[in-house]
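Undergrad: I am attaching a structure below and will ask some questions about it afterwards.
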There are 4 protein chains.
Amino acid sequence: MGIKVGVLGARGRVGEAVVAGVRDTEDLDLVATIDRGDDLHDLITAEAEVIVDFTTPDVVMGNLEFCIAHGIHCVVGTTGFDKERLAQVEEWASQHPEVGVLIAPNFAISAVLAMAFAQQAAKFFESAEVIEFHHPNKLDAPSGTAVHTAEGITEARRAAGMPAQPDKTAQSLPGARGADVDGVPVHAVRMSGMVAHEEVIFGTQGQSLTIRQDSYDRTSFVPGVLVGIRNVADRPGLCVGLDSYLGL
Amino acid sequence: MGIKVGVLGARGRVGEAVVAGVRDTEDLDLVATIDRGDDLHDLITAEAEVIVDFTTPDVVMGNLEFCIAHGIHCVVGTTGFDKERLAQVEEWASQHPEVGVLIAPNFAISAVLAMAFAQQAAKFFESAEVIEFHHPNKLDAPSGTAVHTAEGITEARRAAGMPAQPDKTAQSLPGARGADVDGVPVHAVRMSGMVAHEEVIFGTQGQSLTIRQDSYDRTSFVPGVLVGIRNVADRPGLCVGLDSYLGL
Amino acid sequence: MGIKVGVLGARGRVGEAVVAGVRDTEDLDLVATIDRGDDLHDLITAEAEVIVDFTTPDVVMGNLEFCIAHGIHCVVGTTGFDKERLAQVEEWASQHPEVGVLIAPNFAISAVLAMAFAQQAAKFFESAEVIEFHHPNKLDAPSGTAVHTAEGITEARRAAGMPAQPDKTAQSLPGARGADVDGVPVHAVRMSGMVAHEEVIFGTQGQSLTIRQDSYDRTSFVPGVLVGIRNVADRPGLCVGLDSYLGL
Amino acid sequence: MGIKVGVLGARGRVGEAVVAGVRDTEDLDLVATIDRGDDLHDLITAEAEVIVDFTTPDVVMGNLEFCIAHGIHCVVGTTGFDKERLAQVEEWASQHPEVGVLIAPNFAISAVLAMAFAQQAAKFFESAEVIEFHHPNKLDAPSGTAVHTAEGITEARRAAGMPAQPDKTAQSLPGARGADVDGVPVHAVRMSGMVAHEEVIFGTQGQSLTIRQDSYDRTSFVPGVLVGIRNVADRPGLCVGLDSYLGL
């Protein structure tokens, strides 16, 4: 028998992909699919060991309180967790110290690894820039992931006592050198046909290192969710971000 | 016997690469190397059929007047040709209608092809952006080549009656979407270790097309100069830009 | 009013994408959707001017005979056209010289352009290789498109009298240098998550040129079909391949 | 005062780049340049604290014996170290436990990081392939670095108990799927104009991760040598490979 999994938000677009992913995975056992209007007690009846929550900010806290109280581990991709909410979850978890809760803003393994590698590489290169590519319907530029990546690079450069990046640009059209995110130039490309892609480029004498992540469709978060499901029981307490689950 | 070639500006860094390129090429015969202080009549004595001029704006016009008058074909990479200068060269050439003169701002074949392909592709894609990458000592951003590429794309889009590029960006950090060159976003990356690289990206439903050009060292103009030398005798009159020599 | 379009094979996966594409396009007017069991005379009733055929080899010939006979232009993506079939279509078309018929094996504009540009660029570079990337369920390696691209490069190199590509490899693991397609190395990558991608790389002194095509999903043929619909009436007779419609 | 550095093999092409690199670096002090015919005792007179050895297999062992005996730390890029030689160096080092010796086959930081990241990422992706690109004068295919990278990926996949890579290829031209290095396909491209480049591609559901390293010229090992010089005194004993110096 595999790990017994319940999916909350099961009839949303993301939830459907999670449901399909759990169903297609041998060592996992889909025992409950819950959505608006369904009763959380179905999780108890179905003996769910782990739930995956891709719901909405208005219901996720209730879901977590219930699941933690009933000893069910939680893998959460729902957005809207600020410090207050995280503190609340931590308190619930502290009362059930055997329960693991993973809350991650990004389950795309390739994106999480790209950020982690960028941070590791940063101190060895004089130059670092980020280019992200998305479909033209995206509202913000640059993407949150790209900003986060740039901040990680800056942090690593500061910790290593590195000077500002070399750049002798004297004449520039406005915007040519990208957005300045803490000293790291970030460029946002909007391209029909593309989905979500990020490239981090590092350069030093005679060489460059490029770390590129491509998301080709909206199911790219599934493998990361599966990593979460398989490992959450071994990591009691609240954990924010997939990083530590990836051994980074 | 190969084509008899004289090199003007032979002891400059660029000239030295041209000299080496001509020497290493079987069907070409290096007969004269001229630099500041040398006598142009050496070209006559050496029976040069074609000259390559990588000199400076202050001497190039004298060189061309002399060579055209003596029936020597000219391949010119020296900068500083404005409309007046081109008109003057055209007048000289008109008096010696058998002489070919090629004046090109860019002899890097890969860069010239990239621009030409970009212009051909432009009308089939909703989105088009340009990213250029250079060493951090470059003074201008974006590069002249990138601006020129963007202008070519715009021209092709206008001729095809295309609307503006789709872009729903509502929240943006300043510079994130690049420099706006006639409606085409252009991004400039400055990276230690890099030389000169350009990427043109096109996107439409379900697909993208990327044309990328990399210059790895400062001799990348040599193959284009050789194309010029081999073909200039067959193209009498003044020709500006390597494009037409490449059959584009 | 836009061009009146009928879609044959309208309920297949490809046909559905065509139907959606025509519906979403202002200057086109979807007047008939036909599939197995429907009557072709619906096209007449609906006054279709152009049909798009993504059916199967067993019905496409009947469809074309009917449409050509009724003066309806045809844009055909159905596979299985050998010389005999093309000859038959040509004969039908010759009896209705005002009718245009476009039969294309590949409607992905980015792929067709990539092949055309590769052929144009080939004679200017000493080295040329092709890398294609597909999902791991693909049965053949390399892809037909990659083989076709390599053949186009070879043809251009031969026409220009170029020697074999430089390659001093003396010690090699079997397969390392790819498949030899007419002298052009072709490498096939099979990668979970990827869809269909092709990269053509050219190199000569100090520089390289890369032409890359990415198909992100199975609707990437739609823009090419729309180009066909809009132009087929202006190109009477049989035309094979989208190339000439792209002005290449 | 900076670290006092002596360079052995100082008049070779690689040594010259090291000499220039040390000279251009503020916190380092070039005190001796040694080559064939020079006396190693110059290092003592000059009070060298660290030596860099890019010599040849026939002299490097003598150099190391001398330097270790005199308490000088060693950063070594010379090739030809087999198990016996490493054991000998270890013995010498054990007699002078304060001395650090770094012997690294590859000082290109970007290449070393690419390999390390590939190994970290391997267990999260169903598919992994390596493509390396070099100038056409290279004798072996694939490169040693690419083989080493593939072996690292295989090791990580085995440790994680992963199955073979998915690949439904049924019809293949010989070589299309690359060289099989322990189950990881490795493709070698030979391209005029290119220098040394490696791309590691990973794929899983809906996404891919690409780690690419570009060496643009023959000085790309210098930053890695500088990392070695600055840290070798803090790492007594023999250390093989730059990895541990990069915190990997």
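The values are calculated or read from the model by the stated rules, or taken from the named source; none is laboratory data. Since this is a predicted model, take the numbers as computed values, not measurements. Glycine also receives a Cβ, built like all others from the backbone with ideal geometry; neighbour counts cover every protein chain displayed. SASA here: full protein model, heavy atoms, side chains in, ligands and nucleic acids out. Shrake-Rupley method; radii C 1.70, N 1.55, O 1.52, S 1.80 Å.
Undergrad: Which residue out of B:G237, B:G193 is assigned by the TED database to the domain that holds B:A20, farther than 22 Å from A:P136 by Cα and at pLDDT 95 or above?
TA: Of the residues listed, the single one that is assigned by the TED database to the domain that holds B:A20, farther than 22 Å from A:P136 by Cα and at pLDDT 95 or above is B:G237.
Undergrad: Examine region B:15-25 for a residue that is touching a residue at least 24 places away in the same chain (Cβ under 8 Å), open to solvent by 50 Å² or more (accessible area, probe 1.4 Å) and not in a strand (DSSP E or B), and state whether such a residue exists.
TA: No, region B:15-25 contains no residue that is touching a residue at least 24 places away in the same chain (Cβ under 8 Å), open to solvent by 50 Å² or more (accessible area, probe 1.4 Å) and not in a strand (DSSP E or B).
Undergrad: Report yes if C:F202 is in contact with a Pro (Cβ under 8 Å, 6 or more places away or on another chain), outside the structural domain of C:F54 (by the TED database) and among the aromatic types (F, W, Y), otherwise no.
TA: The answer is no for C:F202.
Undergrad: Would you mind stating whether B:A104 is touching a residue at least 60 places away in the same chain (Cβ under 8 Å), more than 7 Å from every other protein chain (Cβ to nearest Cβ) and either of a type in the set (A, V, I, L, M, F, W, C) or more than 22 Å from A:P166 (Cα to Cα) (or both)?
TA: yes
Undergrad: Is at least one residue of region B:108-129 more than 14 Å from chain C (Cβ to nearest Cβ) and surrounded by 21 or more Cβ atoms within 10 Å (Cβ to Cβ)?
TA: Yes, that holds for at least one residue.
Undergrad: When you look at A:A159, is it surrounded by fewer than 17 Cβ atoms within 10 Å (Cβ to Cβ) and under 29 Å from A:S208 (Cβ atoms), yes or no?
TA: yes
Undergrad: Taking the stated definitions as given, is C:A128 assigned to a helix (DSSP H, G or I) and either modelled with pLDDT under 95 or within 27 Å of B:A116 (Cβ to Cβ) (or both)?
TA: No.
Undergrad: Can you spot a residue in region B:229-246 that is farther than 30 Å from B:G100 by Cβ, among the charged types (D, E, K, R) and open to solvent by 30 Å² or more (accessible area, probe 1.4 Å)?
TA: no
Undergrad: Turning to a different aspect of this structure: So which residues in region C:159-196 are among the small types (G, A, S), in contact (Cβ under 8 Å) with a residue 24 or more places away in the chain and not in a strand (DSSP E or B), if there are any at all?
TA: Result: C:A159, C:A160, C:G178, C:G183, C:S192, C:G193.
Undergrad: Tell me the residue from B:V31, B:V60, B:V7 that is surrounded by 16 or more Cβ atoms within 10 Å (Cβ to Cβ) and either more than 19 Å from the chain's Cα centre (by Cα) or touching a residue at least 60 places away in the same chain (Cβ under 8 Å) (or both), please.
TA: Unique residue meeting the criteria: B:V31.
Undergrad: Among the residues of region B:198-209, are any open to solvent by less than 40 Å² (accessible area, probe 1.4 Å) and within 22 Å of D:S220 (Cα to Cα)?
TA: yes
Undergrad: Within region D:196-225, can you find the residues that are modelled with pLDDT of 95 or more and β-branched (V, I, T)?
TA: Within region D:196-225, D:V200, D:I201, D:T204, D:T210, D:I211, D:V222, D:V225 qualify.
Undergrad: I'd like the residue in region B:131-155 that is within 21 Å of A:E129 (Cβ to Cβ), assigned to a helix (DSSP H, G or I) and open to solvent by less than 30 Å² (accessible area, probe 1.4 Å) and, out of all such residues, is farthest from the other protein chains (Cβ to nearest Cβ).
TA: Per the criteria, the residue is B:T149.
Undergrad: I'd like to know if region D:95-105 contains one or more residues that are in contact with a His (Cβ under 9 Å, 6 or more places away or on another chain) and closer than 30 Å to A:I201 by Cβ.
TA: Yes, because at least one residue in region D:95-105 is in contact with a His (Cβ under 9 Å, 6 or more places away or on another chain) and closer than 30 Å to A:I201 by Cβ.
Undergrad: Yes or no: region D:172-193 includes at least one residue that is open to solvent by 10 Å² or more (accessible area, probe 1.4 Å), farther than 24 Å from D:L242 by Cα, within 14 Å of chain A (Cβ to nearest Cβ) and not small (G, A, S).
TA: No, every residue in region D:172-193 fails to be open to solvent by 10 Å² or more (accessible area, probe 1.4 Å), farther than 24 Å from D:L242 by Cα, within 14 Å of chain A (Cβ to nearest Cβ) and not small (G, A, S).
Undergrad: Report, by residue number, each residue of region B:82-107 that is in a loop (DSSP other than H, G, I, E, B) and open to solvent by less than 30 Å² (accessible area, probe 1.4 Å).
TA: If the condition is that a residue be in a loop (DSSP other than H, G, I, E, B) and open to solvent by less than 30 Å² (accessible area, probe 1.4 Å), then B:V99, B:A104, B:F107 are the ones that fit.
Undergrad: Got at least one residue in region C:210-227 being facing another protein chain (nearest Cβ under 7 Å), over 22 Å from the mean Cα position of the chain (by Cα) and either under 24 Å from D:G178 (Cα atoms) or surrounded by fewer than 22 Cβ atoms within 10 Å (Cβ to Cβ) (or both)?
TA: Scanning region C:210-227, I find no residue that is facing another protein chain (nearest Cβ under 7 Å), over 22 Å from the mean Cα position of the chain (by Cα) and either under 24 Å from D:G178 (Cα atoms) or surrounded by fewer than 22 Cβ atoms within 10 Å (Cβ to Cβ) (or both), so the answer is no.
Undergrad: For residues that are surrounded by fewer than 19 Cβ atoms within 10 Å (Cβ to Cβ) and not small (G, A, S), tally how many sit in region C:63-80.
TA: 4
Undergrad: Shifting gears a bit: Read through the list (1) assigned to a strand (DSSP E or B); (2) more than 16 Å from D:A104 (Cα to Cα); (3) not aromatic (F, W, Y), then give the number of the only condition that D:C239 fails.
TA: (2)
Undergrad: Select from region A:39-57 the residues that are open to solvent by 30 Å² or more (accessible area, probe 1.4 Å) and touching a residue at least 40 places away in the same chain (Cβ under 8 Å) and list them in ascending order.
TA: Across region A:39-57, the qualifying residues are A:E47, A:E49, A:F54, A:T55, A:T56.
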